[in-house]
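**Student:** The structure under discussion is supplied below as structure tokens; questions concerning it will follow.
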Amino acid sequence: QVQLVESGGGLVQPGGSLRLSCSASGSISSFNTMGWYRQAPGKQRELIATITSGGTIKYGNSVKGRFTISRDAAKNMVYLQMSALAPADTAVYYCNAVWIFTVYWGQGTQVTVSS
């Protein structure tokens, strides 16, 4: 069994920063890819960022230059540093991990950007 647990969400003012963390536990010690997605009310889930075990990073267009993904392989964790947050970034943020052809998801953490 694999479990992904996100933390670090909350309420932040426009222009502020937040750091999300995702801890992976279970039978897989090194996922091929880990990453973050988000889903706002009434919208489809969208890619935020992914990072492979080799360190290749991909960002969604809406967050390039503002968000930074990182990974601690030893701890089996992935992080998302978010800056210059705007109300449009309000969503539930989900941690994602891929092992071969199996995709795992966390339960999500709410990020609300509002004054």
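We did not get these values from a lab; they are worked out from the coordinates using the rules stated. Every value quoted in this text rests on a predicted model; they were computed, and no experiment measured them. For neighbour counting, all protein chains shown are included, and Cβ atoms are generated from backbone atoms with ideal geometry for every residue, glycine included.
**Student:** Residues with amide H under 5 Å of Ala84's amide H, sequence separation 5 or more or different chain, H placed in the peptide plane at 1.01 Å from N; which?
**Tutor:** Hits under the 5 Å cutoff: none.
**Student:** I've got another one for you. How many angstrom separate the Cα center of the range 52-86 from the Cα center of the range 1-49?
**Tutor:** 10 Å
**Student:** Can you compute the radius of gyration and Dmax for the range 43-115, using only the Cα atoms, both in Å?
**Tutor:** So, for the range 43-115, Rg and Dmax equal 12.8, 42 Å respectively.
**Student:** I want to check the label-to-label distance for Lys43 and Thr56. Put each point 7 Å from Cα in the C-beta direction and report it in nm to one decimal.
**Tutor:** Each label point is offset 7 Å from its Cα along the Cβ direction, giving 2.7 nm.
**Student:** Now, a different point. Given the Cα-Cα distance of Ser114 and Asn32 and 0.36 nm per residue of separation, how much length would full extension add, in nm?
**Tutor:** Computed gain between Ser114 and Asn32 is 26.0 nm.
**Student:** Counting only C-alpha contacts under 8 Å and six or more residues apart, can you give the relative contact order of the chain as a whole percent?
**Tutor:** Relative contact order, the chain: 37 percent.
**Student:** Ok, one more. Give me the one-decimal nm value for the distance between modelled label points at Phe101 and Ala74, 7 Å along each residue's Cα-to-Cβ direction.
**Tutor:** Here the modelled spin labels are 3.5 nm apart.
**Student:** Can you run phi through the Karplus equation (6.51, -1.76, 1.60; θ = phi - 60°) for the range 91-106 and list ³J(HN,Hα) in whole Hz, with x for Gly and Pro?
**Tutor:** Values per residue, Gly and Pro as x: 4, 8, 9, 10, 7, 9, 9, 10, 10, 6, 10, 9, 10, 10, 10, x Hz.
**Student:** Which lysines, on any chain, are close to Lys75 with Cα under 22 Å apart, when same-chain ones fewer than 8 places away are left out?
**Tutor:** In chain and number order, the partners are Lys58.
**Student:** Do any trypsin sites (Lys or Arg not before Pro) in the range 39-71 lie in a loop, going by DSSP, with at most 11 other beta-carbon atoms within 10 Å of their beta carbon, and if so which?
**Tutor:** Within the range 39-71, the qualifying trypsin sites (Lys or Arg not before Pro) (loop, at most 11 other Cβ atoms within 10 Å) are Lys43, Lys64.
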